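Visitor: The structure under discussion is supplied below as structure tokens; questions concerning it will follow.
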Amino acid sequence: MLAKVCSAAVSGIEAYPVEVEVNAGYGDTMLVVVGLPDTAVKESRDRVTTALINSGFTFTFGRTTINLAPADVKKEGPSFDLPIAVGMAAASEQIESTVLDRYVMVGELALDGGVRPVKGVLPIALRARAEGMTGILVPSDNAPEAAVVTDLKVIPVKNLREATSFLEGEIQIPPTQVDVTEIFAHTNDDENDFAEVKGQESVKRALEIAAAGGHNVLLIGSPGTGKSMLAKRLATILPPLTLEESLETTKIHSIVGLLSPGQALITRRPFRAPHHTASDAGLLGGNVNPTPGEISLAHNGVLFLDELPEFKRSVLETLRQPLEEGHVTISRAAGTMTFPAQFMLVAAMNPTPDGKMPAESRSSPREIQAYLARISGPLLDRVDLHVEVPPVKFREISAERTGESSAEIRERVVAARKRQQERFKGRAKVSCNARMGTRELKQYCALDENAKNLLQYAMSDLNLSARAYDRILKVARTMADLGGLENISPDNVSEAIQYRSLDRQIWG
């Protein structure tokens with residue numbers, strides 16, 4: 001007998017439908033899986049047959065063929081265990097169900113018939129809804145993740161016997177439901193706060209500007225000045241994730257398997273901090289079958305690179321295209337995948353090889369120059385703000401008075417972002433000032449005569465590139481938004497120029 005069961009698989013960050021066809025025939029006992037299965041899928045034969053027997057089913061003797069369609073796309077992972085088992089039970093007439101074509105099924109089977117969680121359930125649930133399916137059967141731990149998709153019944157199953165009983169109509173399993181509003185209500189609980197940072201008011205101001213406009217930042221200072229501490233708190237002043245951004249971010253983390261059991265959504269902006277030994281594939285994504293890397297895991301959040309000059313030059317150079325385009329395209333023999341990568345780059349570095357500021361360093365000018373040269377000019381051009389982080393004075397450390405909280409700073413950042421959203425309404429690719437293109441710069445960053453003269457002098461004196469010129473205009477536009485100004489003032493331009501530290505011949 002032939003049975004067909006609906007399932008799905010993930011390619012890139014999107015899912016596609018997979019039809020599991022099971023035919024139980026006569027002949028020698030043999031179980032064959034076709035349809036370009038990988039090793040994990042081929043091994044499902046042993047897991048599924050053992051799970052069926054331990055769940056009270058009888059393994060059918062004869063030639064059983066399992067086809068995963070479409071047959072020209074490679075199938076990966078153990079998520080096909082549950083639909084294969086249900087298909088085998090239906091093909092051998094051990095269950096009868098009229099709804100097999102209305103429910104998508106995914107799940108890994110334990111040898112005792114238990115259903116274990118799998119990766120990529122959120123994009124699969126979105127695909128199931130797009131295909132007009134009634135519902136989806138998922139492992140219990142994955143149910144909250146799938147339940148954020150509305151207009152789709154999410155049926156949590158703990159074991160194979162429970163899944164088949166539901167499909168036959170013997171038992172009713174209430175669909176899992178989640179309250180998205182309640183999930184977002186606790187987004188900012190128990191997090192780091194800028195109020196804990198003593199001193200460094202100028203650096204806080206720079207990070208507020210960066211958060212308000214989505215700008216990239218480079219923190220330059222001696223060890224112990226608080227660069228990492230400040231960077232970790234940047235995510236706390238960024239605007240809250242919208243539901244659409246949360247779904248995008250959750251999809252990526254679901255595919256990689258980084259969601260906690262029972263977690264429905266990622267509601268905080270990601271903060272990723274890879275070690276400086278990270279490879280190209282680790283940062284961009286890749287491997288034999290392309291998967292998201294650190295820059296995609298930081299999508300809609302912050303990518304923090306500490307000790308920037310210690311990263312391999314080749315690794316840093318791979319960041320240039322994603323920083324400009326907001327996505328990364330990876331080509332491998334298995335195919336070409338495009339992953340989203342709209343992140344804020346926050347990097348930290350020492351000013352000299354020995355960690356001291358140039359005026360106090362024992363390193364020679366040549367050694368300092370060689371150290372700084374580990375970071376290419378084109379990459380530095382893509383960093384909007386170069387911020388010097390000075391040592392904290394004793395009176396600031398010992399003072400009992402605390403600075404502004406993250407909540408207070410975030411209010412100003414959110415207000416500035418709202419002005420930008422109104423300004424760029426209808427422009428899908430421009431979400432903030434940092435994403436402005438040539439057309440937007442010309443339209444929204446007009447300067448008066450004084451501001452033009454100031455910028456012209458800076459371009460000549462600092463020998464700035466055209467890209468640095470654009471960055472200054474974008475940062476100045478953000479400062480104007482924070483101040484509630486319609487037009488960019490000369491003061492905004494002057495302050496923006498000050499954040500080009502590494503463009504100066506002598507700095508620090």
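Visitor: Do we have any residue at all in the stretch 230-238 that's of a type in the set (S, T, N, Q) and open to solvent by 40 Å² or more (accessible area, probe 1.4 Å)?
Guide: no
Visitor: Does any residue of the stretch 99-119 turn out to be over 27 Å from Gly169 (Cα atoms) and out of contact with any Pro (no Cβ under 6 Å at 6 or more places or on another chain)?
Guide: Yes, there is a match, as at least one residue in the stretch 99-119 is over 27 Å from Gly169 (Cα atoms) and out of contact with any Pro (no Cβ under 6 Å at 6 or more places or on another chain).
Visitor: Same structure, new question: Can you tell me which of (1) under 30 Å from Thr336 (Cβ atoms); (2) open to solvent by 50 Å² or more (accessible area, probe 1.4 Å); (3) hydroxyl-bearing (Ser, Thr, Tyr) is the one Ser7 doesn't meet?
Guide: Of (1) under 30 Å from Thr336 (Cβ atoms); (2) open to solvent by 50 Å² or more (accessible area, probe 1.4 Å); (3) hydroxyl-bearing (Ser, Thr, Tyr), only one is false for Ser7: (2).
Visitor: Taking Thr181, is it farther than 30 Å from Glu404 by Cβ and of a type outside the set (A, V, I, L, M)?
Guide: Answer is no for this residue.
Visitor: Being in contact (Cβ under 8 Å) with a residue 40 or more places away in the chain, at negative phi and loosely packed, with under 14 Cβ neighbours inside 10 Å narrows it down to one residue among Ala341, Ala359, Ala348; which is it?
Guide: Ala359
Visitor: Considering only residues that are within 34 Å of the chain's Cα centre (by Cα) and open to solvent by 30 Å² or more (accessible area, probe 1.4 Å), look in the stretch 15-37 and name the one that is nearest to Pro83 (Cα to Cα).
Guide: Out of the qualifying residues, it is Glu19.
Visitor: Scan the stretch 125-138 for residues that are crowded, with 18+ Cβ neighbours inside 10 Å, more than 20 Å from the chain's Cα centre (by Cα) and in contact (Cβ under 8 Å) with a residue 40 or more places away in the chain and jot them down.
Guide: Across the stretch 125-138, the qualifying residues are Ala128, Met133, Gly135, Leu137.
Visitor: Which is over 29 Å from Gly62 (Cα atoms), within 21 Å of the chain's Cα centre (by Cα) and touching a residue at least 24 places away in the same chain (Cβ under 8 Å), of Leu122, Leu152?
Guide: Checking each option against the conditions leaves just Leu122.
Visitor: Okay, next question. Condition first: in a strand (DSSP E or B), over 8 Å from Ser79 (Cβ atoms) and of a type outside the set (Val, Ile, Thr). Now tell me which residues in the stretch 105-128 satisfy that.
Guide: Met105, Leu109, Gly114, Arg116
Visitor: On to the next question. Take Ile66 and decide whether it is open to solvent by 20 Å² or more (accessible area, probe 1.4 Å) and more than 30 Å from His299 (Cα to Cα).
Guide: In short, no.
The rows are residues; the columns are (1) touching a helix residue (DSSP H, G or I) at 6+ places or on another chain (Cβ under 9 Å); (2) surrounded by fewer than 24 Cβ atoms within 10 Å (Cβ to Cβ).
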residue	(1), (2)
Ala51	yes, no
Gly56	yes, yes
Pro78	yes, yes
Ile84	yes, no
Ala90	yes, yes
Leu122	yes, no
Glu162	no, yes
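Visitor: Another one. Using the structure shown, decide if Leu247 is among the aliphatic types (A, V, I, L, M), touching a residue at least 40 places away in the same chain (Cβ under 8 Å), in a helix (DSSP H, G or I) and surrounded by 21 or more Cβ atoms within 10 Å (Cβ to Cβ).
Guide: no
Visitor: With the structure loaded, tell me whether Cys432 is of a type outside the set (S, T, N, Q), within 25 Å of Gly377 (Cβ to Cβ), in contact with a Lys or Arg (Cβ under 6 Å, 6 or more places away or on another chain) and surrounded by 14 or more Cβ atoms within 10 Å (Cβ to Cβ) or whether it fails that test.
Guide: no
Visitor: As an exercise: evaluate Asn453 against (1) exposed (fewer than 14 other Cβ atoms within 10 Å of the Cβ); (2) touching a residue at least 24 places away in the same chain (Cβ under 8 Å); (3) more than 27 Å from Glu325 (Cα to Cα); (4) not hydroxyl-bearing (Ser, Thr, Tyr) and give the number of the one condition it does not meet.
Guide: Exception for Asn453: condition (2).
Visitor: Please give the number of the condition Ala428 fails out of (1) under 24 Å from the mean Cα position of the chain (by Cα); (2) modelled with pLDDT of 90 or more.
Guide: (2)
Visitor: Condition first: within 18 Å of Arg205 (Cα to Cα) and not in a helix (DSSP H, G or I). Now tell me which residues in the stretch 402-431 satisfy that.
Guide: Thr402, Gly403, Glu404, Ser405, listed by residue number.
Visitor: If you don't mind, another one. Can you report the number of residues in the stretch 142-160 which are in contact with a Leu (Cβ under 9 Å, 6 or more places away or on another chain) and either open to solvent by 10 Å² or more (accessible area, probe 1.4 Å) or more than 17 Å from Val99 (Cβ to Cβ) (or both)?
Guide: Qualifying residue count for the region: 9.
Matching residues to (1) in contact with a Pro (Cβ under 7 Å, 6 or more places away or on another chain); (2) open to solvent by less than 80 Å² (accessible area, probe 1.4 Å); (3) free of Cβ contacts under 8 Å to residues at least 60 places away in the same chain; (4) polar (S, T, N, Q):
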residue	(1), (2), (3), (4)
Gln369	no, no, yes, yes
Arg374	yes, no, no, no
Val413	yes, yes, no, no
Gln421	no, no, yes, yes
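Visitor: Let me ask another. Could you say which residue among His276, His253 is buried (at least 22 other Cβ atoms within 10 Å of the Cβ) and more than 20 Å from Ala407 (Cα to Cα)?
Guide: Answer to the selection: His253.
Visitor: Which condition number in (1) at negative phi; (2) open to solvent by less than 20 Å² (accessible area, probe 1.4 Å) is the one that Thr318 fails?
Guide: Of everything listed in (1) at negative phi; (2) open to solvent by less than 20 Å² (accessible area, probe 1.4 Å), Thr318 misses just condition (2).
Visitor: Determine whether Ser260 is open to solvent by 10 Å² or more (accessible area, probe 1.4 Å) and either more than 30 Å from Thr181 (Cα to Cα) or among the acidic types (Asp, Glu) (or both).
Guide: Against the criterion (open to solvent by 10 Å² or more (accessible area, probe 1.4 Å) and either more than 30 Å from Thr181 (Cα to Cα) or among the acidic types (Asp, Glu) (or both)), Ser260 does not qualify.
The values are calculated or read from the model by the stated rules, or taken from the named source; none is laboratory data. Since the structure is predicted, the reported quantities are computational estimates derived from the model, not experimental observations. In this analysis, Cβ positions are derived from the backbone assuming ideal geometry, glycine residues included, and neighbour counts consider all displayed protein chains. Remember, those area values only see protein heavy atoms, side chains included, never the ligands or the DNA or RNA. Shrake-Rupley method; radii C 1.70, N 1.55, O 1.52, S 1.80 Å.
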